[in-house]
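Quick notes on the structure that follows.
The values are calculated or read from the model by the stated rules, or taken from the named source; none is laboratory data. Every value quoted in this text rests on a predicted model; they were computed, and no experiment measured them. Positions of Cβ are backbone-derived with ideal geometry, glycine not excepted, and every protein chain shown enters the neighbour counts.
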Amino acid sequence: MTSFSQDQLLILLLSPAIGSFIGLLADRLPRGEPIALTRSACRSCARPLAPRDLMPVLSFLITRGRCRHCGATLPGWLLYTELAAIGLAVWAVMVAEVIPAPLIATALWLLLALCLCDLLWLRLPDLLTGALALFALGLSWAGYGPSLMLALIGMVCGAGSFWGIRLIYRHLRGREGLGLGDVKLMAGLGALIGPFDLPLVVLIAAASLLAVAVSRALTGTTPLTARQPLPFGAALAAAGGLFYVLSL
Ligand SMILES: [Zn+2]
């Protein structure tokens, strides 16, 4: 029988609640709403949610994804985010050897929050990109992951390359092609995985995003045009998370 250390058990037990918190961050941060000191309420009828409405996973399943007061359908991504947070905690426990599982899980949860914000809003909030960069530098400072020097080089390479692409694109096309959020995300990813894997992360993120966009265009879901905004940050966060775990 597999035995878990205390810290591994803790993150497994906390992961559903952390998934709920990530959902709350993704719901409020891009709207500029406070993330604390405000009770959660139904977006449709504004009735405050009771504790029994806030049980991760269970509340959604019991109410079948509907508000108990007005019957409005709750967004499915709330449930999927909680399940994804649990899945990432399990993944962190499975791959943890040198780096403690809670640290791996925290990096993955931050990337999940960024991925979600970009998918929902095409936004990468500064609070999350900043937290990722600081956390990644903290990991290196503590001796986990790339050395502090490599993390800093990765940070400069990640942000610098995207900053350059952003400038060139704006010069050539006369409009924004890459958001500043993507530049900040690349700083955090560069610090987390170091400079060497960054080009591959960008390549895989771009190829995956293009594959999804083309398949959606072929099925008639969304037309593929040069001006169609795509959640590149979400693809970067997902590819970055994958490379981070593979590099452990
Ligand atoms: Zn309601």
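Of the residues A133, A92, A105, A85, which single one is under 15 Å from K184 (Cβ atoms) and within 18 Å of the chain's Cα centre (by Cα)?
Testing whether each residue is under 15 Å from K184 (Cβ atoms) and within 18 Å of the chain's Cα centre (by Cα) leaves just A133.
For the range 30-50, which positions are farther than 16 Å from L110 by Cβ and more than 16 Å from the ligand (Cβ to nearest atom)? If the condition is that a residue be farther than 16 Å from L110 by Cβ and more than 16 Å from the ligand (Cβ to nearest atom), then R31, G32, E33, P34, A36, L37, T38 are the ones that fit.
Among the residues making up the range 159-176, those that are part of a helix (DSSP H, G or I), over 14 Å from G130 (Cβ atoms) and of a type in the set (G, A, S) are G160, S161, G164. Within the range 144-201, the set of residues being modelled with pLDDT under 95, closer than 17 Å to A235 by Cβ and among the β-branched types (V, I, T) comprises I165 only.
Taking the criterion of being charged (D, E, K, R) and part of a loop (DSSP other than H, G, I, E, B), the only residue of the range 177-223 that qualifies is D197. Among residues of the range 1-22 that are more than 16 Å from A85 (Cβ to Cβ) and modelled with pLDDT under 95, those with a beta-carbon under 7 Å from a residue that is outside any helix (DSSP H, G or I) and not polar (S, T, N, Q) at least six positions away or on a different chain give the pairs D7/P100.
Would you check if R52 is outside any helix (DSSP H, G or I) and either free of Cβ contacts under 8 Å to residues at least 24 places away in the same chain or surrounded by 16 or more Cβ atoms within 10 Å (Cβ to Cβ) (or both)?
No, not satisfied.
Scanning the range 88-97 for residues that are part of a helix (DSSP H, G or I), loosely packed, with under 15 Cβ neighbours inside 10 Å and within 16 Å of the ligand (Cβ to nearest atom) turns up nothing.
Results for (1) surrounded by fewer than 12 Cβ atoms within 10 Å (Cβ to Cβ); (2) not β-branched (V, I, T), shown as yes or no for each residue.
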{"position": "I22", "(1), (2)": "no, no"}
{"position": "G32", "(1), (2)": "yes, yes"}
{"position": "S40", "(1), (2)": "no, yes"}
{"position": "P48", "(1), (2)": "yes, yes"}
{"position": "T63", "(1), (2)": "no, no"}
{"position": "R66", "(1), (2)": "no, yes"}
{"position": "W77", "(1), (2)": "no, yes"}
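Out of contact with any Phe, Trp or Tyr (no Cβ under 7 Å at 6 or more places or on another chain), within 16 Å of the ligand (Cβ to nearest atom), assigned to a helix (DSSP H, G or I) and among the acidic types (D, E): does that describe D27?
Answer is yes for this residue.
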